[in-house]
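I have placed the structure first, in the form of structure tokens, so that the comments after it can refer back to it.
Computed from the coordinates by the stated procedures, all read-outs in this text should not be read as laboratory data. Source: prediction; values computed, not measured. For neighbour counting, all protein chains shown are included, and Cβ atoms are generated from backbone atoms with ideal geometry for every residue, glycine included.
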Amino acid sequence: MSDELRKIDIPKRDLPKKFVEARRRRSGSAYGCVVCDLPIPEPKFMCHVVDGGGAALHVGDEDRYVPDDGDLAFLPLGTDCLRRHPELKPYAHKVEPGTFG
Ligand SMILES: [Zn+2]
């Protein structure tokens, strides 16, 4: 294996359960942030989650990625979590308004 894909372990952030549940009640079935699990109905950033959920794929390696069983596709990344984890920036796809959902 010469050209390893660049991936990053997705950090986890535990928010108070009550807070997440309250947001969940308001946001229905929206997907949760990959870091903190808060539902994000209109995500501004998405991560391509691979390896069954633990890792995100580098934006620059998208065209070399071959989907496998661990491909969980694109999930939201909250702007707050991105700010707290600047190391995730190269792994965050910017969502153009109106293209998702
Ligand atoms: Zn988050």
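For the chain, with only Lys/Arg (+1) and Asp/Glu (-1) charged at the beta-carbon, what is the dipole magnitude about the Cα centre, in debye rounded to 20? Could the numbers behind the result be given before it?
Details: 16 positive and 17 negative charges, 179 e Å.
The dipole magnitude comes to about 860 debye.
If we restrict to alpha carbons, what Rg and Dmax does the stretch 10-94 come to, in Å?
12.9, 40
Test of understanding: what is the full-extension gain from residue 13 to residue 71, defined as 0.36 nm times their sequence separation minus their Cα-Cα distance? All intermediate terms of the calculation are to be shown ahead of the outcome.
Working: separation 58, 0.36 × 58 = 20.88 nm, distance 2.18 nm.
Full extension of this stretch gives 18.7 nm more.
Work out from phi, with θ = phi - 60° and the Karplus expression 6.51 cos²θ - 1.76 cosθ + 1.60, the ³J(HN,Hα) of each residue of the stretch 5-16, listed in order in whole Hz, and give x for Gly and Pro.
Those phi angles translate into 6, 7, 9, 9, 5, 6, x, 10, 10, 8, 9, x Hz.
Run the numbers on the stretch 2-75 and let me know its relative contact order in percent, using alpha-carbon pairs under 8 Å that are six or more apart.
Across the stretch 2-75, relative contact order equals 34 percent.
May I ask you to compute the full-extension gain from residue 4 to residue 51, defined as 0.36 nm times their residue separation minus their alpha-carbon distance, rounded to one decimal in nm? Intermediate results must be reported in sequence, preceding the final value.
Details: separation 47, 0.36 × 47 = 16.92 nm, distance 1.37 nm.
Extra length available between residue 4 and residue 51 comes to 15.6 nm.
Fully extended, how many nm does the chain gain between residue 89 and residue 29 (0.36 nm per residue separation, minus their Cα-Cα distance)?
Values: separation 60, 0.36 × 60 = 21.60 nm, distance 2.59 nm.
Length gained, residue 89 through residue 29: 19.0 nm.
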